[in-house]
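Undergrad: Have a look at the structure that comes next, please.
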Amino acid sequence: MKRIDLLINDTMYKDYIQRNMDEEINAYCQHDFRHHLDVARITYILVLENNDLNYFIKESGLSGKLAAKEVIYAAGLLHDIGKWKEFQTGTDHASYGSRLAREVLPRALFNEQEIEIICQGIFEHRNISMDMSFLGERLHRADNLSHLCLECPAQNVCPKMKNRDASLSSLEY
Ligand SMILES: [Fe+2]
């Protein structure tokens, strides 16, 4: 996936991931590169195991399976790149991250239509709602599944545990 190689080697992408790590030195829940890759892979699995890849390609007007895989991976790899800003200022990381992603994605050669789909998914991924995009809903589920909340020593104080999806997260993926 050449465009994913470009994305993960982008100087600003690496910088945003590093900023997350700098803000989370003593935190149990990490939003590092590993978390982003986990979410990318789980999102892709969720699409594949429901045989939804062709639907996603058609619904989104993508050029084919490789483009769809790259769009899904890009969304996963970028979904929390605004997290450091939320730690610093309280700004919503999903909204801020979608703005950062809009700057990174053209350098990884994603076209305008693909960028819209990815940024909408990132913007939506934080909260579940009735009118989410296909990608936003899968990203949200993958994000919850990626956190091993049942293993977490901070589960008694973590606000995520109030979220039913997160409390059900398991070793399944
Ligand atoms: Fe996440």
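Undergrad: For segment 2-171, compute Rg over Rh where Rg is the Cα radius of gyration and Rh is the Kirkwood radius from the inverse mean 1/r over Cα pairs.
TA: 0.95
Undergrad: Quick one: 3J(HN,Hα) in Hz for segment 45-50, Karplus 6.51/-1.76/1.60 with θ = phi - 60°, rounded, Gly and Pro as x.
TA: Each residue of segment 45-50 in turn: 4, 4, 5, 5, 6, 9 Hz.
Undergrad: Would you kindly derive the ³J(HN,Hα) couplings of segment 98-105 from the backbone phi angles with the Karplus curve 6.51 cos²θ - 1.76 cosθ + 1.60 (θ = phi - 60°), listing them in order in whole Hz, with x for Gly and Pro?
TA: Residue by residue, segment 98-105 yields 5, 6, 5, 4, 4, 7, 6, 4 Hz.
Undergrad: Here is a follow-up. Using every alpha carbon pair in segment 39-104, what percent of pairs falls into each 10 Å bin from 0 up to the bin containing the largest distance?
TA: 21, 41, 28, 10, 0
Undergrad: For segment 110-126, what does the Karplus curve 6.51 cos²θ - 1.76 cosθ + 1.60, with θ = phi - 60°, yield as ³J(HN,Hα) per residue in whole Hz, taken in order and with x for Gly and Pro?
TA: Whole-Hz 3J(HN,Hα) from phi for segment 110-126: 7, 8, 4, 5, 5, 4, 4, 5, 5, 5, 5, x, 4, 4, 8, 5, 6.
Undergrad: Also, I was wondering about something else. Amide H neighbours of Gly82 under 5 Å, at least 5 residues apart or on other chains, H built in the peptide plane: list them.
TA: Amide H to amide H, under 5 Å and 5 or more residues apart or across chains, Gly82 pairs with Gly97.
Undergrad: Sorted by mean Cβ packing within 10 Å, highest first, what order do the peptides 125-136, 140-151 take?
TA: By packing density, highest mean first, the sequence is 140-151, 125-136.
Undergrad: List the relative contact order of segment 2-171 as a percent without decimals, with contacts defined as Cα pairs under 8 Å and 6+ residues apart.
TA: Contact order relative to length: 23 percent.
Where a number appears in this text, it was derived from the coordinates with a stated rule and is not lab data. Model, not experiment: these values are computed from the prediction. Glycine also receives a Cβ, built like all others from the backbone with ideal geometry; neighbour counts cover every protein chain displayed.
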